[in-house]
Amino acid sequence: MQLFKEYPLSESVLKAIDELGFINPTPIQEKVIPAILDTGQDIIGLAQTGTGKTAGFGLPIIEQLDLGKSGVQALMLCPTRELCMQITNDLINYSKYVRGIKITAIYGGANIVPQIKQLKGGVNIVIGTPGRTLDLIKRRVLNINKIKWLVLDEADEMLNMGFKEDLDSILDGTPDEKQTLLFSATMPDGVRRIAENYMNNPLEISAGKKNIGAVNVEHQYYVIRASDRYKALKRLADINPNIYGIVFCRTRRETQEVADKLMQDGYNADSLHGDLSQAQRDHVMQRFRSRHLQLLVATDVAARGLDVQDLSHIINYNLPDDLEVYIHRSGRTGRAGKHGISITISHSREGRRIRELEQLVGKRFKYMKIPEGREICEKRLYNLIDKVETVKVDESKIELFLPVIYKKLEWLDREELIKHFVSVEFNRFLEYYKNAPDLNVIPEKGGDRKKRDGGKIRFTNFYINLGSKSGMKASNLIGLINEAMRRRDIEIGKIDIQRNFSFFEIDKDYDQKLLTAFEGAVFENTPVTIQISSPEKKGRTTEREFTKRNASSDYHRKNKKKKKNPGKNKGYHRSR
């Protein structure tokens with residue numbers, strides 16, 4: 001087995017990583033480190049979150065820096081400020097004994113003045129988020145035309161977050177003679193396009209199969225009615241008294257609502273999303289890392305780059321619109337050879353999406369039933385007894401109080417004392433789950449589109465004034481509909497994305513509610529207009545006729561001329 005000391009790394013670097021406990025490289029490190037040191041070739045690294053990518057590219061770059069030269073030699077881009085700070089701290093730790101090295105982080109949501117001051121003072125390595133990096137380049141504070149290394153970490157997530165134009169602008173300003181290192185858990189078309197446009201004959205390195213989940217993660221799914229989602233979450237938390245995990249929600253609003261409910265119901269939980277200040281985020285993360293919180297309710301964007309070890313569970317309160325995001329979520333547990341569980345709370349008509357996930361992850365998902373009240377009470381009771389049995393008793397701290405306690409309880413015999421003791425903790429669970437209903441719904445097979453009453457779904461066809469030219473994709477449109485309706489259990493039928501507009505179908509029972517929900521909606525700075533394109537009546541307008549009529553309308557021409565703000569890429573469906 002390869003050892004770090006066998007690589008051509010300096011004594012200063014080896015001393016630092018030895019103190020960090022680095023002995024054997026991870027699979028991605030074992031392949032990437034020698035490739036960066038020996039070949040100088042562009043590299044595409046396919047690896048999941050938590051596989052040691054930072055050391056994989058950080059150690060060889062630190063080793064090859066020319067500290068006698070001024071100016072930025074390495075630029076590392078990543079999707080979020082949390083990941084930016086994590087990479088920066090890791091590199092500082094790796095280079096602890098390297099004299100003269102200067103590393104700085106630049107990211108939004110923080111005062112730009114100190115970052116400008118650090119850059120002007122001379123820096124070797126810059127780690128940044130795309131938006132702030134481009135801002136500092138335009139201010140002529142950050143000069144990247146002489147960099148030797150460009151690292152794109154979690155490239156797929158940067159594209160998912162809408163940084164495509166920023167990345168193009170940054171990459172266009174880098175020199176041709178550099179080594180580009182692109183790391184991604186998945187390889188969607190956008191990431192492949194970056195490789196084709198900005199990389200020279202890249203070497204592709206994989207730490208496993210593409211687009212699969214972590215090996216040590218067990219995937220489970222529960223099927224409930226959408227209205228019972230929060231009740232199901234509570235039961236899953238109650239049946240796992242030692243749970244330590246992240247609950248993923250789709251939007252900022254939902255994240256805060258779920259966290260508030262959990263806290264009101266007495267759970268050790270809090271939220272993490274984009275509406276929090278940096279000080280609030282730091283406070284929440286400090287509590288979560290120290291395990292004062294058992295459950296962190298978060299959006300995908302806010303959770304990117306979180307360096308938290310030993311998570312027992314990942315709970316998908318809702319499935320992401322882009323199913324490949326599930327890989328990032330589930331990869332946060334089951335690390336370092338430990339077992340982890342990824343749970344999906346799905347509603348009764350998401351069977352097709354579960355099967356798609358099974359193909360994407362390369363594993364069978366285990367169908368589970370939401371536990372009933374009696375099962376939960378039994379589990380909590382035995383967990384309480386286990387805690388009492390194994391608790392460490394420090395007599396020196398309690399002996400002062402024991403005489404009074406003995407006096408108060410001397411009237412109880414052994415059996416009565418045990419009953420009183422158990423009831424203190426246990427009564428609230430017995431009361432809460434008294435006559436608790438069964439939340440489980442039998443999952444549909446084969447993706448049958450039938451209502452719960454057995455009838456077939458009738459669809460209404462809609463026109464929307466957004467197409468591929470506006471950045472609209474099927475996954476975006478589904479997210480837009482779900483966000484506007486504030487629910488995910490409405491059946492969506494066929495979707496047809498055209499260049500300047502699109503068509504989609506939804507359950508006819510919700511067509512009027514959809515029209516109301518979209519009033520005032522905006523996508524990518526463009527007002528959204530939807531209309532029913534195939535009314536359920538005789539002599540209805542065909543899609544072709546409707547397309548011609550709307551393609552030439554004044555409204556369509558006016559919106560076609562609208563200029564998008566390239567600095568903003570937040571759509572209505574991306575609200576978190």
### Query
When region 143-157 is examined, which residues are found to be in contact with a helix residue (DSSP H, G or I) (Cβ under 6 Å, 6 or more places away or on another chain) and in contact (Cβ under 8 Å) with a residue 40 or more places away in the chain?
149, 151, 156
### Query
Is one or more of the residues making up region 28-51 assigned by TED's automatic domain parsing to the domain that holds residue 150, without any contact (Cβ under 8 Å) to a residue 40 or more places away in the chain, assigned to a loop (DSSP other than H, G, I, E, B) and surrounded by fewer than 21 Cβ atoms within 10 Å (Cβ to Cβ)?
no
### Task
Identify, by number, the condition in (1) surrounded by fewer than 18 Cβ atoms within 10 Å (Cβ to Cβ); (2) touching a Leu at 6+ places or on another chain (Cβ under 8 Å); (3) among the aliphatic types (A, V, I, L, M); (4) within 23 Å of residue 230 (Cβ to Cβ) that residue 345 doesn't meet.
(1)
### Task
Only residues that are in a helix (DSSP H, G or I), of a type outside the set (Gly, Ala, Ser) and buried (at least 21 other Cβ atoms within 10 Å of the Cβ): list them for region 259-274, please.
262
### Task
Considering only residues that are out of contact with any helix residue (DSSP H, G or I) (no Cβ under 7 Å at 6 or more places or on another chain) and among the charged types (D, E, K, R), look in region 83-111 and name the one that is nearest to residue 183 (Cα to Cα).
102
### Query
Do we find a residue being surrounded by fewer than 10 Cβ atoms within 10 Å (Cβ to Cβ), in contact with a helix residue (DSSP H, G or I) (Cβ under 9 Å, 6 or more places away or on another chain), free of Cβ contacts under 8 Å to residues at least 24 places away in the same chain and part of a helix (DSSP H, G or I) anywhere in region 389-407?
yes
### region 472-488, residues that are surrounded by fewer than 17 Cβ atoms within 10 Å (Cβ to Cβ) and touching a strand residue (DSSP E or B) at 6+ places or on another chain (Cβ under 8 Å)
473, 474
### Message
Can you tell me which condition residue 23 does not meet? The list is (1) touching a residue at least 60 places away in the same chain (Cβ under 8 Å); (2) over 28 Å from the mean Cα position of the chain (by Cα); (3) surrounded by fewer than 16 Cβ atoms within 10 Å (Cβ to Cβ), and all the others hold.
### Response
(1)
### Task
Output yes when any residue across region 220-235 is in a helix (DSSP H, G or I), in the same structural domain as residue 56 (by TED's automatic domain parsing), in contact with a strand residue (DSSP E or B) (Cβ under 9 Å, 6 or more places away or on another chain) and not acidic (Asp, Glu), and no when none is.
no
### Task
Of all residues in region 309-329, count the ones that are closer than 20 Å to residue 47 by Cα and touching a Lys or Arg at 6+ places or on another chain (Cβ under 6 Å).
2
### Message
Condition (residue is in contact with a helix residue (DSSP H, G or I) (Cβ under 9 Å, 6 or more places away or on another chain), surrounded by fewer than 19 Cβ atoms within 10 Å (Cβ to Cβ) and either over 29 Å from residue 227 (Cβ atoms) or of a type in the set (S, T, N, Q) (or both)) applied to region 320-335: is it met by at least one residue?
### Response
no
### Task
State whether the residues of region 199-212 include one that is modelled with pLDDT under 95 and in contact with a Lys or Arg (Cβ under 6 Å, 6 or more places away or on another chain).
yes
### Task
With respect to residue 417, determine if the residue is free of Cβ contacts under 8 Å to residues at least 12 places away in the same chain, surrounded by 11 or more Cβ atoms within 10 Å (Cβ to Cβ) and farther than 30 Å from residue 240 by Cβ.
no
### Test: residue 312 is among the polar types (S, T, N, Q), in contact with a Phe, Trp or Tyr (Cβ under 8 Å, 6 or more places away or on another chain) and farther than 24 Å from residue 226 by Cα
yes
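The values are calculated or read from the model by the stated rules, or taken from the named source; none is laboratory data. Keep in mind that this is a model prediction, so the values were computed, not measured. All Cβ positions, glycine included, derive from the backbone under ideal geometry; neighbour counts span all protein chains shown.
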